[in-house]
Every structure is written in C-alpha cells, then in structure tokens.
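Q: Take a look at the following structure, please.
The values are calculated or read from the model by the stated rules, or taken from the named source; none is laboratory data. Model, not experiment: these values are computed from the prediction. Neighbour counts run over all protein chains shown; Cβ positions are idealised from the backbone, glycine included.
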Amino acid sequence: MKKNILSAIVLTGGLLVLLCVFYPLTVWAIAQLSPNQGKGFVIEHNGKMHYHNSGQSFTQDRYFWSRPSAVDYNAAGSGASNKAATNPAYLKEVEQRITDFIAKNPTIKKEDIPVDLLTASGSGLDPHFSVQAAKIQVDRVASARGLSTRTIHQLIDEKTEKPLFGLFGPQKINVLELNIALDQLTKR
C-alpha cells in the first residue's frame with residue numbers, strides 16, 4: 001500500500017511539472033518563433049488596431065456585413081448560442097436577421113440569403129464568410145460607395161482565399177481584409 005501511494009505521489013508530481021511547467025514553456029517558445037510572437041495578426045486601419053483572425057462587427061451599408069456573433073464579437077470568450085434550431089428565441093433572432101438584411105438589400109429573396117449571414121459560427125468569432133455571402137451584398141455596397149458592381153466583384157475575386165492545397169475546405173473571404181480593401185479603393 002505504501003508503495004502504491006508513493007508511486008502515485010511521484011507520478012502526480014512528475015505530471016504536474018511536465019504539464020504545468022515544461023508544456024506551457026514549450027508552447028510559449030514556439031509562439032515566440034512565429035510571426036508577431038504569438039500575439040495574433042494585428043492590422044492597423046484608420047488609427048485602430050484590428051485582429052485579423054477574429055471576427056469584427058460591420059453594419060454600415062458601405063461595408064460587407066460580417067457573420068453574426070453569438071458573443072457580440074468579444075474575443076475574451078468565444079462560444080455559440082447553444083440554442084437548438086427549433087428554439088423559438090433562436091428562430092425569432094434568425095427571422096430578425098433576415099428582415100434586417102432584406103430591408104437593406106431589397107432585391108434579394110429570403111431563400112437566397114446564405115446561411116453564414118444568418119447564423120453565428122461555433123466560436124462566434126469567425127472572421128471569414130463564403131464567397132456567396134460577399135456576392136449577395138455587392139449591389140448595396142456598390143450603391144453606398146458609388147462604385148460599379150464590376151469593380152466590387154473584381155475585389156471579391158482578389159480577396160477570395162482558395163482551399164488549403166486546393167482540396168481542403170471551401171473558398172472563403174476575410175471580411176476585415178475585404179472591407180479595408182474597399183476603403184483603400186474608395187480613397188483612390
């Protein structure tokens with residue numbers, strides 16, 4: 001019995017040192033070798049700092065609207081709403097998003113709105129949306145900025161990220177990058 005207790009204490013102490021000291025130090029050291037020393041990718045635009053890999057709220061007509069966030073774009077804690085697709089409160093929330101979207105994009109039919117413009121991602125902080133989600137907003141953005149739809153479509157094509165190795169995942173667009181490119185395009 002004494003032998004078992006001693007073994008358990010030694011094992012616990014060894015794992016404590018391994019998992020609470022060596023592992024965090026190893027992850028920290030690897031982060032120091034990465035770009036921006038593990039602090040995330042930060043973009044400065046119009047005097048503000050934005051995290052490239054965290055969703056941002058865009059609601060003005062002149063910008064492409066982001067994917068909704070269940071955590072109000074607060075990167076301190078990510079998470080989903082955890083409401084079932086049949087939850088009345090969730091359905092009301094989605095219906096309100098549809099109503100708001102159609103009010104600002106009157107030429108769009110309800111069934112044409114991509115799901116990623118109506119539902120939050122699992123983390124609530126997804127910085128990307130689908131190419132379809134960008135293209136469905138072109139008329140509103142072009143009108144608000146006084147640009148041609150062709151110019152906006154070209155910008156979407158430029159900012160579209162291809163699947164990893166051409167195989168893994170869908171094409172996607174980082175909303176922050178797309179909106180910053182819009183601002184730069186309008187300044188010219």
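Q: Go through (1) hydrophobic (A, V, I, L, M, F, W, C); (2) farther than 24 Å from Asp183 by Cβ; (3) not in a helix (DSSP H, G or I) one by one and return the number of the condition Leu6 breaks.
A: It is condition (3) that Leu6 fails.
Q: Would you be able to tell me the number of residues in the range 42-56 that are in a loop (DSSP other than H, G, I, E, B) and either surrounded by 13 or more Cβ atoms within 10 Å (Cβ to Cβ) or modelled with pLDDT of 85 or more (or both)? Walk me through how you get there before you give the answer.
A: As a first pass, look at the range 42-56 and keep what is in a loop (DSSP other than H, G, I, E, B): 46-47, 52-56.
Subset that is either surrounded by 13 or more Cβ atoms within 10 Å (Cβ to Cβ) or modelled with pLDDT of 85 or more (or both): 52-56.
Going through the range 42-56 one residue at a time, the tally reaches 5.
The rows are residues; the columns are (1) of a type in the set (Gly, Ala, Ser); (2) outside the structural domain of Tyr51 (by TED's automatic domain parsing); (3) over 23 Å from Met49 (Cα atoms).
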residue	(1), (2), (3)
Arg150	no, no, yes
His153	no, no, yes
Gly169	yes, no, yes
Lys172	no, no, no
Asn179	no, no, no
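Q: Same structure, new question: Going through Thr86, Thr59, Thr99 one at a time, which residue ends up being among the β-branched types (Val, Ile, Thr), assigned by TED's automatic domain parsing to the domain that holds Arg140, outside any helix (DSSP H, G or I) and over 24 Å from Ala181 (Cβ atoms)? Talk me through it step by step, then tell me what you get.
A: On the way: Thr59 fails: over 24 Å from Ala181 (Cβ atoms); Thr99 fails: outside any helix (DSSP H, G or I).
The conditions single out Thr86.
Q: Is there a residue in the range 129-146 that is within 14 Å of the chain's Cα centre (by Cα), in a loop (DSSP other than H, G, I, E, B) and surrounded by fewer than 15 Cβ atoms within 10 Å (Cβ to Cβ)?
A: No, the range 129-146 contains no residue that is within 14 Å of the chain's Cα centre (by Cα), in a loop (DSSP other than H, G, I, E, B) and surrounded by fewer than 15 Cβ atoms within 10 Å (Cβ to Cβ).
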